[in-house]
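Worksheet for the structure shown next.
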Amino acid sequence: MTSLLLHVFSLLLAVPCVYWTQSVESRARLEAAGIKRLCTEADLAKRETLPTPGITARAGLASPTRSPWIDANGWRFTRHPDARFVYNLPAGKAALAAAEAFAYGADAVLKIDPADLGSLGAMLTFLEGLPAADLPPAADLAVVDDGSDITGEVMNLLARRNLLFQVVQAPSPRFRINIAVGSTAYPREDAADPSAFALKIRRQLTDEERSLRVYGSEVVIARLTGDATRIRVHLLHYGGREIEGLRIRLRGGYRNGQAYVAGAGRLPLGDYVVADGATEFSVPRITTYAVIDLEAAR
C-alpha cells in the first residue's frame, strides 16, 4: 500500500462517520456538503452515547467569578480508547463533535441535525486535509483507573484543566505522580471535590513541569501528541465565540511552524519565543478547532 493510500486510509479511520436518517433523495445534499462517510443502523449497535460537547449552564452556578462548565469527552476517549461511541447532536454541535472525536482518534458516529450539513461538511473536509501524524499521546502524570465514577470525574477535571494524564491499571514507575483515588496519598474524601483535587495535583506537578499550558481561555482543551522529533498540539474550543491570540506554552524547544485552523486554513504562529527550556507562541484565531505541528529544535 502506497504512503498516499495509507494516509487516506488512516484519515478515513480517524474521521467520524455520519448517521443520516433523511430520504435517499437528499444524498445530493450530502455530496454537496462534502460528507463521504455514512453509517448504517448496524453501525449504531453497542455504542456508548456521549454528552453533547460545549458549555452547559448549571443551575445555581451562575457567577462572574466561576469557571464555565465544559461538557467534553476527551477524558472518556482517554479512559476507553478502544470503545465505540455515538453522538446524538442538536443543531449547531456537529462540527465541534467531529473535531473532538478526530483529535482523540475515537471511533464515533455522529447523529446530526440536517441544519448542520454545511458546517459539518466544512469541518470534515478540513480534517481530511490535515497532514498525517500518528503520534503517541503525551502525559505528565498517571491515573490508576479503579473503574469508579469518582475516578472518572477526576479524569474529567484534569482534562478540563489541561493536566495531561495517562490511564494505567497500576502505579507506573514512568511517572512521578500516580493518582490512585482511595490511597493514603489521595483519599477518596479529597476526590469528592474534584475541582479542588485537580488544583492539588497541579500544585504537586508544578506549572514548570507541565508539558503544555494554555493562557487566555478556560474553554479551550488541549491534547498533545508527539515523539522525540516532532509534536502535534490539538486545540478544541468549546465556547463557541472566536478567540484571538490564544497563548500556548510547551516544555522543550521547538522550531517555528504553522497553525491549521478550521475555517481559516494555515496561519502563522505569532510572538514565537524559545527560551528557558520552553516554547511559547500565540494562535492568531480559533473558533472550534486548531492543530499545530512543530519539529523539535536541533
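The values are calculated or read from the model by the stated rules, or taken from the named source; none is laboratory data. All of these numbers come straight from a predicted model, not from anything done at the bench. Quick reminder, even Gly has a Cβ in these numbers, built from the backbone with ideal geometry, and neighbours come from all protein chains shown. Heavy atoms of the whole protein, side chains included, go into the accessibility calculation; ligands, DNA and RNA do not. Shrake-Rupley method; radii C 1.70, N 1.55, O 1.52, S 1.80 Å.
Taking region 237-257 as the range and being of a type in the set (Gly, Ala, Ser) and either within 15 Å of the chain's Cα centre (by Cα) or part of a loop (DSSP other than H, G, I, E, B) (or both) as the test, the residues that pass are 239, 240, 252, 253, 257.
Restrict the check to region 187-206 and report whether at least one residue is hydrophobic (A, V, I, L, M, F, W, C), under 22 Å from residue 135 (Cα atoms), open to solvent by less than 10 Å² (accessible area, probe 1.4 Å) and out of contact with any helix residue (DSSP H, G or I) (no Cβ under 6 Å at 6 or more places or on another chain). No, the conditions are met nowhere in region 187-206. Does any residue of region 97-120 turn out to be free of Cβ contacts under 8 Å to residues at least 24 places away in the same chain and surrounded by fewer than 22 Cβ atoms within 10 Å (Cβ to Cβ)? No, region 97-120 has no match at all. Does residue 228 satisfy the criteria of being surrounded by fewer than 17 Cβ atoms within 10 Å (Cβ to Cβ), under 18 Å from residue 278 (Cβ atoms) and at pLDDT below 95? It is true that residue 228 is surrounded by fewer than 17 Cβ atoms within 10 Å (Cβ to Cβ), under 18 Å from residue 278 (Cβ atoms) and at pLDDT below 95.
Applying the set (1) out of contact with any Gly (no Cβ under 8 Å at 6 or more places or on another chain); (2) open to solvent by 60 Å² or more (accessible area, probe 1.4 Å); (3) at pLDDT 95 or above to residue 259 leaves exactly one unmet item: (2). Being surrounded by 14 or more Cβ atoms within 10 Å (Cβ to Cβ), within 18 Å of residue 297 (Cβ to Cβ), among the small types (Gly, Ala, Ser) and without any contact (Cβ under 8 Å) to a residue 60 or more places away in the chain is a condition met by no residue of region 210-221. Within region 208-236, the set of residues being under 16 Å from residue 140 (Cβ atoms) and more than 20 Å from the chain's Cα centre (by Cα) comprises 208, 209.
So is residue 195 modelled with pLDDT under 95 and of a type in the set (S, T, N, Q) or not? Against the criterion (modelled with pLDDT under 95 and of a type in the set (S, T, N, Q)), residue 195 qualifies. Beta carbons closer than 9 Å, at least 6 apart along the sequence or on distinct chains, pair a first residue in region 123-140 that is over 13 Å from residue 233 (Cβ atoms) with a second that is of a type in the set (Asp, Glu) and in a loop (DSSP other than H, G, I, E, B) for 136/227. Residue 100 meets each of the listed conditions (1) within 15 Å of the chain's Cα centre (by Cα); (2) of a type outside the set (A, V, I, L, M, F, W, C); (3) over 18 Å from residue 232 (Cα atoms); (4) not in a loop (DSSP other than H, G, I, E, B) apart from (3).
Taken over region 145-204, residues that are in contact (Cβ under 8 Å) with a residue 24 or more places away in the chain, in a loop (DSSP other than H, G, I, E, B), within 18 Å of residue 81 (Cβ to Cβ) and out of contact with any strand residue (DSSP E or B) (no Cβ under 9 Å at 6 or more places or on another chain) amount to 1. Candidates are the residues of region 263-298 that are more than 28 Å from residue 128 (Cβ to Cβ) and among the hydrophobic types (A, V, I, L, M, F, W, C); the one that is modelled with the lowest pLDDT is 297.
Report, by residue number, each residue of region 119-136 that is within 12 Å of residue 36 (Cα to Cα) and among the acidic types (Asp, Glu). Correct list: 128 only. A count restricted to region 245-298 and to residues that are hydroxyl-bearing (Ser, Thr, Tyr) and either touching a His at 6+ places or on another chain (Cβ under 6 Å) or closer than 25 Å to residue 124 by Cβ (or both) stands at 4.
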